[in-house]
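Just below is one structure, and these are the notes that go with it.
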Amino acid sequence: MRVALFITCFNDTFFPETGRATVEVLERLGHEVEFPLAQTCCGQMHFNTGYQREAIPLVRRFVEVFAPYEAVVAPSGSCVGMVRELYPMAAELANDKRLLYEVEELAPKVFELSEFLVKRMGVTDVGAYYPHHVTYHPTCHSLRMLKVGDAPLELLRAVRGIDLVELREARECCGFGGTFAVKNADTSTAMLSDKLRHVLDTEAEVCTAGDNSCLMHIGGGLKRQRAGVRTVHLAEILASTEEAN
Amino acid sequence: MTLQRSPDAFSADAGKTPTFEQSAKVSLADTQLRRNLGKATQTIRAKRAAAVEEMPDWERLREAGRALKERVTRHLDEYLLRLEESVTRAGGHVHWARDAEESNRIIAGIAKAHDAEEVVKVKSIATDETKLNEYLEGEGITAHETDLAELIIQLAGETSSHILVPAIHKNRAEIRELFKEKLGARGLSDDPSDLTNAARLYLREKFLKAKVGISGANFAVAETGTVCVVESEGNGRMCTTLPPVLVTLMGIEKVIPAWRDYEVFMQLLPRSSTAERMNPYTSFWTGVSRESGDGPNEFHLVLLDNGRTGVLADERGRQALSCIRCSACLNVCPVYERTGGHAYNSVYPGPIGAILTPQLVGIGKPGPDSLPYASSLCGACYEVCPVKINIPEVLIHLRGRVTRHKQDGGGLKGRLDPENAAMKTMARVFSDRKLYEGAQKAARVGQWPLARDGAIGRLPGRLAGWTESRDLKAIPKQTFREWWKARNGSPENGSA
Amino acid sequence: MSTAREEILRRVRRATRDVPEGERPEDVAVERGYRKEDDAPREEVVARFAERVAEYKAEVRRVKEADLPEAIGENLKERAIERLIVPPGLPEEWLPGGVEVLRDDEERRLTNEELDRSDGALTGCSLGIAQTGTIVLDAGEAQGRRALTLLPDYHLCVVREDQVVGLVPEAFARLEETVKGEGRAVTFISGPSATSDIELNRVEGVHGPRTLEVLISG
C-alpha cells in the first residue's frame, strides 16, 4: 500500500531514529512509504493548550498535505488522536463547513502505527528480533482516544527473543500531558514518580510505548535518577532484526 | 493537617482564589493527605470496576443516561414548568432562585416563618455552593450537617474535598481527636464503628427536635414531581421524613423527564459512586402526604440557577450539566488522586469540577480559569462517566475559551504574555516549511550551552518546571527529514 | 422587574437558542437497549434476592408461609425485642405473644419519641429486587409511615416470594401506579444503614436501624 508517513514535528526533531524505524518496518512489510516534506506540526500543542485559533492554519495545512493519500501512518498515538478526535472541533471553531467535511474525510485514513499494522493490515509478526526484558506502557491517547487496545502488545508478543514483563497499574497516566508537564510540573512529577516505581518494579531493561512524548517524560525521569532503564519507542523494537543485533 | 481557608470559586472574593498550581503545591507536600487519598481512591476504583463488570448492559445504560440528560438540557424550560406543575399539584411549593443570595433568602425565610433556630441538613453540594450555612448563621439559625463526613468537616471548620466522601482527606486518628474535642466524647477509640456511634448519638437528638429539614436532590421527575435523595447512612431519610417542614434545594439541571427514567439512573449512580449494587437508602417523595401523616406536612422545592443557564449557553460545555454527582471521575483521576479536592478551590473538585466550576462562575477569574489545565487529558474520567460526559473534550474547549478571553480581553498585558508570544511565534514557524526547518537547525545550535551527553539537565525560565525532575533529551545531529532527504537524494521530491 | 421564575425561564430559552424551534423533547432519541426483565426462572430470582440481601450484612431466612409466625417469633426473641412497632394492615397472625405491640394507626399515631424508644419494627414490603438485594417500601399495606422503619434500631421485614422481581426496571414499572396515583412515598432499602466515610471502611448502622432482618416467605 502507498502509505504517507506523518512523522510528527516532535519525532522529526527529537527522535529521528523512531521515524527511521517506522520506515524500516513499513517497507519490510512491502508498503511504499512516502514522506511529504511539506508536513510540519498537527497543531496539538497549540490546540490543547488553548491556542486554538492559532492551530487552525496548521489543521488546514495538515489536511492539504495528507488528503491525497490512501493511508497516513504516524508513530504517535497522541498526534493521531489530535487529527482523528479534535480536528472536527477545530473545524467547528473555524466555522468552516468545508474544512469540517475534509477533516471527516481524512480522519478515518489516519492511523497510529500499531493499529495500522494490526487492525488495518492484520499483521502481528513483523519479523522482529529483540532479546531484552521489556515492559510496555500503554499511553493514554492510544488507549482511550484511539482505542488501539492490545494491538501494541500483540506486536510485541510476536517479537522473537523478547521477554515481555507486565507493568503494574499500566493504564495509569505517566503524567506527561503536553504542556501540563510544565504548567503543573509538581503534579506531573508526582504522577511520574509512581510510574517510575512501577517500571522499576518490573526489573525490565527497556520501557516501551507508542508515543515518544510520554517516553521522553518517563525516560527523562529515569535518566535523572540514573535508574539504568532506557526508553525505546515501539517502532524501534519492531524494526530491530537478528542481523542488526 | 493544613487547614485550607483560601477563598473558593463560589465565595464573594472568588477573584482572589488561588490557581490550581499554587494550591496543588501545598497539597502535594502533605504526605498524610497523599497516603489517605491514595489508599481511598485505589480501594474505590477497584470496587467500582467490579460493580460495573457485573452488568452486561452497562454501556447501553450509559447511553440511555446520556441521551436522557441531553433531552432534558435541550428542553429544560419545558421540563422545569412540568416539574413545577407536578410538585404544586402534589401539595408542594416551588420557588425559583436566580442566584445564591436569592436562594439563601428564600430558605432562611421559610425557616424563620416556622421559628426554627436550628435546622438539620442532608448533604447537598448546592447548599455548599450557595454558602447557605454561613448565611443562616448570620440570620441566627444553626445548620447541623448530618452526613457523617459533612459533620466531620463542619466540626473541623474545613471544607469538603470530595463530592461523595467529603472527609476523604482525614484518617481515623484525626477524626477521633476531633470528636473528643468537639462532641465531648470521652473514652473513644479510633475504631470507625465507635466513631460512627458517637455521631449517631449526637445527631439523633437533633433529628427529633428539628422543625425544618433541608436537603439536596439527586433527581426530580417532571412528570410526577417525585424528588429523590440517594444516601447510605439514613440521615437523608431522617431529614426528609421527621421535621414537619422540608426544604429541598436543587440545581435546575437535576430534573429528569419521567418516573420510569429512574430505572436508568438508579442503576448508573450507585455502582458509579459507592461501587454498590444499590446504596443502602433511597427516598422518593411526591409532594406531601398529609392524610397519612407520612413525612413533612409542608414541602418547598427551590430551583436554583446560579450560573447554570450560563453553562447551558455553551453548546459544547453544557454536557457538564448532565453530571449526576457520582464522583467516579474523581476516583479514577490521577491528578485528583495526588492533589486531593482542596487544590481545586471549589465545592466541585476533580475532573467534573474542572469543567463545571469555571463555567458556573464565568471565565476570567485566575483561580477557576486554571482548572481546565489541571489535567493531563488522560481520559480516564470519560471512560467511567455514567452519563458519558466527554470531560477531556470540554477541558480542551474551555482552555480555548480561557485563552481567547485573555487574548481578547487582556489588553496589552494579554498580548505581551510570554506564553502567548511564544505560542504565536511557534504557530507562525509551523505554518511555513522553510521557517520550520530553519527553527529545527537553530534549536540544535541554540541548545549547546545546555546539553550534556545527549541530555539537558536544566532549562531556563518557564520551562524550568520540566527539568526540576526530568532530564530533557537533547536534539540530535540529524532531523528525520534531513535523513530522508539524504536517503532519497532529491530534497524537493517527497516520495521515495 | 421580572420575577425570578420568568427570568430563569428566559435565560434557559436564550441559552438553548440552538435547539430548532419545532423540536419536541421526544425528538431527542433515547435508546433503551438495556435489560428490562429478568428471564431467569422464578426460583433462581428468589434465590438471588436472598443471596444479595445477605451480602449487605442483613440476616436472611427463607421460610414456608405457614411457618412465618413461628419464624417471626424466633427472630424477635433472638434479638430480645419487647416493644414492637406494628404498621396498619399487618396480618394479625404474624404477631407473636409476649411482646408489647405498639400500633400506629390513623386515630392514634405514635410520636417520634415513642418510635425512638421502641425496640424494633415488623413490616411487610411492596417489592424485593433480586438484582440489587433491595427491599422496597411504599407506605402501603403492612408497611406504614416511613418513620416506623427509620427510628427503631431493628427492622424485621417480611417479603413474599411473589413480591420479588428480577431487575431494577421491573421495580420501577410496578411502582409507577402507586406514585402516579396516590403519590405515596417510596423507600429503597438495601441492607442496614451504613457509612464508608471514615477511610472508606464500611460501618453498618449509622442513623437508620442498625439491624435489618429479612424473612422470605413462600
Among A:F6, A:A21, A:G43, whose Cα lies farthest out toward the positive end of the dipole of the range A:2-120, if unit charges sit on the beta carbon of Lys, Arg (+1) and Asp, Glu (-1)? A:G43
More than 16 Å apart: what percent of Cα pairs in the range B:289-337 qualify? 67
Report ³J(HN,Hα) in whole Hz for each residue of the range B:373-390, in order, from the Karplus equation J = 6.51 cos²θ - 1.76 cosθ + 1.60 where θ = phi - 60°; Gly and Pro get x. 8, 7, 7, 8, 6, 6, x, 5, 5, 5, 4, 9, 4, x, 10, 6, 6, 7
When you take every Cα atom in the range B:387-496, what is the radius of gyration, and what is Dmax, the widest Cα pair distance, in Å? 18.8, 55
Label model pair B:A12, B:R462: point-to-point distance (7 angstrom along the Cα→beta-carbon line) in nm is 3.5
What residues have an amide H closer than 5 Å to that of B:T142, excluding those fewer than 5 places away on the same chain, when H is modeled at 1.01 Å from N in the peptide plane? B:E118, B:V119
Which of the lysines could a cross-linker bridge to B:K365, judged by Cα under 26 Å and excluding same-chain residues fewer than eight apart? A:K183, B:K16, B:K25, B:K131, B:K406, B:K413, B:K424
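Could you work out the relative contact order of the range A:10-61, using alpha carbon pairs under 8 angstrom and six or more residues apart, expressed as a whole percent?
Working: 22 pairs, mean separation 10.6, N = 52.
Dividing the mean separation by the residue count of the range A:10-61 yields 20 percent.
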At q = 0.18, 0.23, 0.24, 0.29 Å⁻¹, what base-10 log of I(q)/I(0) does the Debye formula yield for the range C:43-98 when every alpha carbon is treated as an equal point scatterer in vacuo? -0.78, -1.06, -1.09, -1.16
For the range B:230-245, 3J(HN,Hα) per residue [Karplus equation, 6.51 cos²θ - 1.76 cosθ + 1.60, θ = phi - 60°, Hz, x = Gly/Pro]: 9, 7, 10, 8, x, 5, x, 4, 4, 5, 8, 10, 7, x, x, 10
For the range C:1-62, max minus min Cα coordinate along each principal axis, in Å, sorted largest first? 64, 29, 13
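Give me the tail of P(r) for the range C:94-218 as a percent: Cα-Cα pairs with distance above 27 Å.
21
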Report, in degrees rounded to the nearest 10, the 0 to 90 angle that the Cα long axis of helix B:31-53 makes with the longest principal axis of chain B. 80
Putting +1 on Lys and Arg Cβ atoms and -1 on Asp and Glu Cβ atoms, find which of B:N345, B:H405, B:L61 reaches farthest to the positive end of the dipole of chain B. B:H405
To the nearest 20 debye, the range B:230-306 has a Cα-centred charge dipole, built from +1 on Lys and Arg Cβ and -1 on Asp and Glu Cβ, of 140
Could you work out the equivalent-ellipsoid semi-axes for the range A:2-120, taking the square root of 5 times each eigenvalue of the Cα gyration tensor, largest first, in whole Å? 24, 15, 12
Provide the per-residue ³J(HN,Hα) series for the range B:290-297, in order, calculated from phi with Karplus coefficients 6.51, -1.76, 1.60 and θ = phi - 60°, each as a whole number of Hz, with x at glycine and proline positions. 5, 4, 7, x, 8, x, x, 9
Around C:R62, which amide H atoms from residues at least 5 apart in sequence, or from another chain, sit under 5 Å from its own amide H, with H modelled in the peptide plane? C:I216
How long are the three semi-axes of the equivalent ellipsoid for the range B:71-222, computed from the Cα gyration tensor as the root of 5 times each eigenvalue, in whole Å, largest first? 33, 18, 14
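Under 25 °C and 0.890 mPa s, how fast does the range A:143-228 diffuse according to Stokes-Einstein, given a Kirkwood radius computed over C-alpha pairs? Answer in µm²/s, whole number.
Details: Rh = 13.8 Å.
The estimated diffusion coefficient comes to 178 µm²/s.
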Placing one identical point scatterer on every Cα of chain C and ignoring solvent, what is log10 I(q)/I(0) from the Debye formula at q = 0.17, 0.18 Å⁻¹? -1.17, -1.28
Report the far tail of the P(r) of chain B, meaning the percent of Cα-Cα pairs longer than 42 Å. 25
Counting each pair of different Cα atoms once, what's the Kirkwood radius of the range B:1-112 in Å, rounded to one decimal? 19.6
Placing one identical point scatterer on every Cα of the range A:62-169 and ignoring solvent, what is log10 I(q)/I(0) from the Debye formula at q = 0.09, 0.14, 0.24 Å⁻¹? -0.29, -0.62, -1.28
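As a test of the formula, what do you get for chain A when each DSSP H run with n ≥ 4 contributes -39,500 (n - 2.57) and the sum is divided by the residue count, at 222 nm and rounded to the nearest 500 deg cm²/dmol? Could you put the intermediate results ahead of the total?
Numbers: 12 runs with 110 residues, N = 245.
Mean residue ellipticity, 222 nm, calculated: -13000 deg cm²/dmol.
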Can you give me the three principal axis dimensions of the protein assembly as shown from its C-alpha atoms, in Å, biggest first? 101, 65, 61
If you count only protein heavy atoms with a 1.4 Å probe, what accessible area per residue comes out for chain B, rounded to a whole Å²? 35
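For chain B, what is the mean residue ellipticity at 222 nm derived from helices alone (per DSSP H run of n ≥ 4: -39500 (n - 2.57); sum divided by total residues; nearest 500 deg cm²/dmol)? Mind showing how you got there, number by number?
Details: 24 runs with 249 residues, N = 496.
Computed ellipticity for chain B at 222 nm equals -15000 deg cm²/dmol.
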What is the angle, in °, between the Cα long axis of helix B:76-89 and the longest principal axis of the Cα atoms in chain B? Nearest 10 is fine, range 0 to 90. 10
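Which percent, to the nearest 5, of DSSP beta bridges fully inside chain B are antiparallel?
Roughly 35 percent of the DSSP beta bridges within chain B come out antiparallel.
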Please report, in whole Å³, the volume per residue of the convex hull around the C-alpha atoms of the range B:15-61. 108
On the principal axes of its Cα set, how long, how wide and how thick is the range B:216-343? Give whole Å, largest value first. 51, 33, 29
For a paramagnetic label modelled at 7 Å from the Cα of C:R32 toward its Cβ, which residues of the range B:246-264 fall within the zone defined by backbone nitrogen distances under 16 Å? B:256-264
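Extension gain B:K413-B:T425, at 0.36 nm per residue separation less the Cα-Cα distance, in nm? Let's see the in-between values first.
Details: separation 12, 0.36 × 12 = 4.32 nm, distance 1.69 nm.
My answer for the length gained is 2.6 nm.
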From zero up to wherever the largest Cα-Cα distance of chain A sits, split into 5 Å bins and tell me the percent of pairs in each. 1, 7, 14, 18, 19, 16, 12, 8, 3, 1, 0
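The values are calculated or read from the model by the stated rules, or taken from the named source; none is laboratory data. Just so it is clear, the structure is predicted and the values come from calculations on it, not from any experiment. In this analysis, Cβ positions are derived from the backbone assuming ideal geometry, glycine residues included, and neighbour counts consider all displayed protein chains. Ligands, DNA and RNA are stripped out before the accessible areas are found, and what is left, the full protein with its side chains, is counted by its heavy atoms. Shrake-Rupley method; radii C 1.70, N 1.55, O 1.52, S 1.80 Å.
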